[in-house]
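Engineer: Before I ask anything, let me first share the structure, which is written out below as C-alpha coordinates.
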Amino acid sequence: MKEGPDIARVAALIGDPARANMLTALMSGRALTATELALEAGVTAQTASSHLAKLHEGGIVAARKQGRHRYFTLDNPDIVELLENLMGIAQRTGHNRVRTGPRDPALRKARICYDHLAGEMGVALFENLQQRQFIVFDDMGEMRISEQGAAFIGDFGLDLAQMRQLRRPLCRECLDWSMRRSHLAGALGAGLLQRMFDLGWARKSNESRVIDFTPTGEQAFYDLFAPLPSN
(Lines give C-alpha, C1' and ligand atoms only; values in the text may rest on other atoms or scores of the structure.)
Protein backbone atom coordinates (compact mmCIF):
# COMPACT_ATOMS: atom_id res chain seq x y z
CA MET A 1 0.00 0.00 0.00
CA LYS A 2 1.65 3.21 -1.21
CA GLU A 3 -0.89 5.66 0.20
CA GLY A 4 -2.64 6.07 3.54
CA PRO A 5 -1.52 5.42 7.13
CA ASP A 6 1.90 3.83 7.55
CA ILE A 7 1.07 0.93 9.88
CA ALA A 8 4.52 -0.60 9.32
CA ARG A 9 6.19 2.30 11.14
CA VAL A 10 3.85 2.01 14.13
CA ALA A 11 4.33 -1.76 14.23
CA ALA A 12 8.12 -1.36 14.10
CA LEU A 13 8.06 1.12 16.99
CA ILE A 14 6.02 -1.22 19.18
CA GLY A 15 7.57 -4.46 17.96
CA ASP A 16 11.10 -4.02 19.33
CA PRO A 17 11.35 -6.27 22.45
CA ALA A 18 12.88 -3.58 24.67
CA ARG A 19 10.32 -0.97 23.59
CA ALA A 20 7.51 -3.49 24.03
CA ASN A 21 8.63 -4.10 27.62
CA MET A 22 8.68 -0.37 28.28
CA LEU A 23 5.19 0.09 26.87
CA THR A 24 3.87 -2.83 28.90
CA ALA A 25 5.28 -1.20 32.04
CA LEU A 26 3.49 2.04 31.16
CA MET A 27 0.19 0.14 31.00
CA SER A 28 0.22 0.46 34.79
CA GLY A 29 -0.86 4.07 34.29
CA ARG A 30 2.13 5.39 36.24
CA ALA A 31 4.52 7.97 34.81
CA LEU A 32 7.99 6.40 34.76
CA THR A 33 11.48 7.79 34.24
CA ALA A 34 13.94 6.58 31.62
CA THR A 35 15.94 4.88 34.38
CA GLU A 36 12.89 2.97 35.60
CA LEU A 37 11.98 1.98 32.05
CA ALA A 38 15.55 0.86 31.38
CA LEU A 39 15.20 -1.59 34.27
CA GLU A 40 11.88 -2.84 32.87
CA ALA A 41 13.44 -3.36 29.45
CA GLY A 42 16.73 -4.81 30.67
CA VAL A 43 18.82 -2.28 28.77
CA THR A 44 21.25 0.50 29.68
CA ALA A 45 19.99 3.98 30.47
CA GLN A 46 21.54 5.29 27.25
CA THR A 47 19.79 2.64 25.15
CA ALA A 48 16.50 3.32 26.95
CA SER A 49 16.79 7.03 26.17
CA SER A 50 17.28 6.22 22.50
CA HIS A 51 14.21 3.97 22.47
CA LEU A 52 12.11 6.56 24.27
CA ALA A 53 13.15 9.27 21.83
CA LYS A 54 11.85 7.12 18.97
CA LEU A 55 8.59 6.35 20.80
CA HIS A 56 8.10 10.03 21.60
CA GLU A 57 8.80 11.12 18.04
CA GLY A 58 6.40 8.45 16.79
CA GLY A 59 3.56 9.67 19.01
CA ILE A 60 3.46 6.52 21.15
CA VAL A 61 4.58 8.05 24.45
CA ALA A 62 4.29 11.50 25.96
CA ALA A 63 6.98 13.11 28.10
CA ARG A 64 6.91 15.79 30.76
CA LYS A 65 9.66 17.23 32.91
CA GLN A 66 9.30 17.63 36.64
CA GLY A 67 12.31 18.78 38.63
CA ARG A 68 15.41 16.98 37.42
CA HIS A 69 13.49 14.06 35.95
CA ARG A 70 11.63 13.48 32.74
CA TYR A 71 8.59 11.24 33.06
CA PHE A 72 6.98 9.16 30.33
CA THR A 73 3.40 7.98 29.87
CA LEU A 74 1.42 6.45 27.03
CA ASP A 75 0.36 9.25 24.72
CA ASN A 76 -3.32 8.45 24.22
CA PRO A 77 -6.03 5.98 25.30
CA ASP A 78 -6.03 4.50 21.78
CA ILE A 79 -2.43 3.38 22.38
CA VAL A 80 -3.64 1.59 25.52
CA GLU A 81 -6.38 -0.13 23.52
CA LEU A 82 -3.90 -1.16 20.82
CA LEU A 83 -1.50 -2.68 23.36
CA GLU A 84 -4.27 -4.56 25.17
CA ASN A 85 -5.50 -5.95 21.84
CA LEU A 86 -1.96 -7.03 20.91
CA MET A 87 -1.66 -8.80 24.28
CA GLY A 88 -4.88 -10.65 23.49
CA ILE A 89 -3.58 -11.74 20.10
CA ALA A 90 -0.30 -12.89 21.65
CA GLN A 91 -2.21 -14.85 24.29
CA ARG A 92 -4.54 -16.47 21.74
CA THR A 93 -1.75 -17.43 19.34
CA GLY A 94 0.49 -18.88 22.03
CA HIS A 95 3.15 -16.15 22.04
CA ASN A 96 3.47 -15.98 25.81
CA ARG A 97 6.34 -14.99 28.04
CA VAL A 98 8.28 -17.93 29.40
CA ARG A 99 8.49 -16.56 32.92
CA THR A 100 5.43 -17.23 35.05
CA GLY A 101 4.86 -16.87 38.76
CA PRO A 102 2.39 -16.61 41.62
CA ARG A 103 1.28 -13.14 40.57
CA ASP A 104 -0.08 -14.43 37.27
CA PRO A 105 -3.47 -15.58 38.69
CA ALA A 106 -3.80 -12.24 40.48
CA LEU A 107 -3.00 -10.40 37.22
CA ARG A 108 -5.75 -12.30 35.45
CA LYS A 109 -8.22 -11.66 38.26
CA ALA A 110 -7.88 -7.88 38.55
CA ARG A 111 -5.33 -5.57 36.98
CA ILE A 112 -5.12 -1.99 35.84
CA CYS A 113 -5.31 -1.32 32.12
CA TYR A 114 -3.82 2.19 32.19
CA ASP A 115 -6.64 3.73 34.28
CA HIS A 116 -9.51 1.23 34.27
CA LEU A 117 -10.24 -2.22 35.67
CA ALA A 118 -9.32 -5.25 33.57
CA GLY A 119 -9.19 -9.00 34.11
CA GLU A 120 -11.93 -11.25 35.45
CA MET A 121 -13.39 -8.53 37.66
CA GLY A 122 -13.30 -5.92 34.88
CA VAL A 123 -15.23 -8.21 32.55
CA ALA A 124 -17.74 -8.97 35.34
CA LEU A 125 -18.29 -5.24 35.88
CA PHE A 126 -18.97 -4.60 32.20
CA GLU A 127 -21.29 -7.59 31.89
CA ASN A 128 -23.29 -6.49 34.93
CA LEU A 129 -23.77 -2.95 33.61
CA GLN A 130 -24.97 -4.34 30.28
CA GLN A 131 -27.31 -6.89 31.85
CA ARG A 132 -28.96 -4.18 33.95
CA GLN A 133 -29.16 -2.01 30.82
CA PHE A 134 -27.18 0.76 32.46
CA ILE A 135 -24.99 0.67 29.36
CA VAL A 136 -26.79 0.12 26.05
CA PHE A 137 -26.00 0.24 22.35
CA ASP A 138 -28.00 2.44 20.01
CA ASP A 139 -29.09 1.60 16.45
CA MET A 140 -25.72 2.77 15.15
CA GLY A 141 -23.86 0.43 17.50
CA GLU A 142 -22.65 3.30 19.67
CA MET A 143 -22.38 2.67 23.39
CA ARG A 144 -24.26 5.06 25.66
CA ILE A 145 -25.46 5.32 29.25
CA SER A 146 -29.19 4.90 29.84
CA GLU A 147 -31.24 7.05 32.20
CA GLN A 148 -31.19 4.23 34.75
CA GLY A 149 -27.45 3.97 34.29
CA ALA A 150 -26.98 7.68 34.84
CA ALA A 151 -28.96 7.46 38.09
CA PHE A 152 -26.88 4.48 39.24
CA ILE A 153 -23.61 6.25 38.44
CA GLY A 154 -24.72 9.29 40.44
CA ASP A 155 -25.75 7.11 43.39
CA PHE A 156 -22.31 5.47 43.27
CA GLY A 157 -20.76 8.86 43.83
CA LEU A 158 -19.59 9.85 40.34
CA ASP A 159 -20.24 13.15 38.55
CA LEU A 160 -21.43 12.07 35.12
CA ALA A 161 -21.75 15.65 33.85
CA GLN A 162 -18.11 16.29 34.66
CA MET A 163 -17.03 13.09 32.91
CA ARG A 164 -18.95 14.11 29.78
CA GLN A 165 -16.79 17.24 29.55
CA LEU A 166 -13.53 15.30 29.38
CA ARG A 167 -11.71 15.07 26.06
CA ARG A 168 -12.11 11.30 25.80
CA PRO A 169 -14.91 8.83 25.11
CA LEU A 170 -17.33 8.47 28.01
CA CYS A 171 -17.46 4.71 27.71
CA ARG A 172 -16.02 2.21 25.27
CA GLU A 173 -15.14 -1.46 25.05
CA CYS A 174 -11.58 -2.70 25.51
CA LEU A 175 -10.86 -6.31 24.61
CA ASP A 176 -9.41 -8.07 27.64
CA TRP A 177 -6.30 -10.08 26.74
CA SER A 178 -6.73 -12.71 29.46
CA MET A 179 -10.52 -13.15 29.28
CA ARG A 180 -10.94 -12.63 25.50
CA ARG A 181 -14.05 -10.61 26.32
CA SER A 182 -14.57 -6.89 26.75
CA HIS A 183 -14.08 -4.76 29.83
CA LEU A 184 -15.12 -1.13 30.27
CA ALA A 185 -12.74 1.67 29.33
CA GLY A 186 -13.21 5.39 28.77
CA ALA A 187 -13.94 8.08 31.33
CA LEU A 188 -16.59 5.95 33.02
CA GLY A 189 -14.29 2.95 33.35
CA ALA A 190 -11.60 5.15 34.88
CA GLY A 191 -14.10 6.87 37.18
CA LEU A 192 -15.52 3.61 38.50
CA LEU A 193 -12.07 2.26 39.33
CA GLN A 194 -11.01 5.47 41.05
CA ARG A 195 -14.20 5.39 43.10
CA MET A 196 -13.34 1.85 44.23
CA PHE A 197 -9.94 3.11 45.34
CA ASP A 198 -11.57 6.03 47.17
CA LEU A 199 -13.96 3.65 48.96
CA GLY A 200 -11.01 1.56 50.12
CA TRP A 201 -12.16 -1.51 48.23
CA ALA A 202 -8.81 -1.95 46.50
CA ARG A 203 -5.37 -0.47 45.94
CA LYS A 204 -2.76 -0.51 43.20
CA SER A 205 0.16 -2.86 43.60
CA ASN A 206 3.56 -1.21 43.73
CA GLU A 207 5.19 -4.18 42.03
CA SER A 208 2.95 -4.93 39.06
CA ARG A 209 -0.30 -4.06 37.31
CA VAL A 210 -2.24 -6.14 39.83
CA ILE A 211 -5.11 -4.46 41.67
CA ASP A 212 -5.36 -5.83 45.20
CA PHE A 213 -8.93 -5.96 46.52
CA THR A 214 -9.44 -6.32 50.24
CA PRO A 215 -11.77 -9.20 51.27
CA THR A 216 -14.40 -6.64 52.25
CA GLY A 217 -13.86 -4.69 49.04
CA GLU A 218 -14.13 -7.78 46.86
CA GLN A 219 -17.38 -8.73 48.58
CA ALA A 220 -18.73 -5.21 48.08
CA PHE A 221 -17.70 -5.35 44.41
CA TYR A 222 -19.51 -8.60 43.72
CA ASP A 223 -22.55 -7.53 45.76
CA LEU A 224 -22.90 -4.63 43.32
CA PHE A 225 -21.33 -5.82 40.08
CA ALA A 226 -21.59 -9.61 39.89
CA PRO A 227 -22.99 -10.79 36.54
CA LEU A 228 -26.66 -11.69 36.83
CA PRO A 229 -27.74 -15.33 36.44
CA SER A 230 -28.79 -16.14 32.90
CA ASN A 231 -32.44 -17.08 32.38
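The values are calculated or read from the model by the stated rules, or taken from the named source; none is laboratory data. Because the structure is predicted, anything quoted here is derived from the model rather than measured. FYI the Cβ positions are ideal-geometry reconstructions off the backbone, even for glycines, and counts take in every protein chain you see. When the accessible area is computed, the model is the full protein with side chains, heavy atoms only, and any ligands, DNA or RNA have been set aside. Shrake-Rupley method; radii C 1.70, N 1.55, O 1.52, S 1.80 Å.
Engineer: What's the number of the condition Asn206 fails, among (1) modelled with pLDDT under 90; (2) of a type in the set (S, T, N, Q); (3) open to solvent by less than 40 Å² (accessible area, probe 1.4 Å)?
Structural biologist: Checking Asn206 against (1) modelled with pLDDT under 90; (2) of a type in the set (S, T, N, Q); (3) open to solvent by less than 40 Å² (accessible area, probe 1.4 Å), the one that fails is (3).
Engineer: Consider the stretch 158-175. How many of its residues are surrounded by fewer than 11 Cβ atoms within 10 Å (Cβ to Cβ) and assigned to a loop (DSSP other than H, G, I, E, B)?
Structural biologist: 2
Engineer: Could you grab me the full set of residues in the stretch 180-203 that are under 14 Å from Ala118 (Cβ atoms) and crowded, with 19+ Cβ neighbours inside 10 Å?
Structural biologist: Scanning the stretch 180-203 gives His183, Leu184, Ala185, Gly186, Gly189, Ala190, Leu192, Leu193, Met196, Ala202.
Engineer: Of all residues in the stretch 129-180, count the ones that are hydrophobic (A, V, I, L, M, F, W, C), farther than 30 Å from Asp104 by Cβ and modelled with pLDDT under 85.
Structural biologist: Adding up the residues that qualify gives 1.
Engineer: While we're on this one: What's the number of the only condition in (1) part of a helix (DSSP H, G or I); (2) without any contact (Cβ under 8 Å) to a residue 40 or more places away in the chain that Phe221 fails to meet?
Structural biologist: If we test Phe221 against (1) part of a helix (DSSP H, G or I); (2) without any contact (Cβ under 8 Å) to a residue 40 or more places away in the chain, just (2) comes out false.
Engineer: Shifting gears a bit: What number of residues in the stretch 177-218 are within 21 Å of Asn76 (Cβ to Cβ), hydrophobic (A, V, I, L, M, F, W, C) and part of a helix (DSSP H, G or I)?
Structural biologist: The qualifying residues number 5.
Engineer: Continuing with the same structure: From Ala45, Ala38, Ala63, Ala90, which residue is buried (at least 17 other Cβ atoms within 10 Å of the Cβ), farther than 21 Å from Asp6 by Cα and aliphatic (A, V, I, L, M)?
Structural biologist: Going through Ala45, Ala38, Ala63, Ala90 in turn, the sole match is Ala38.
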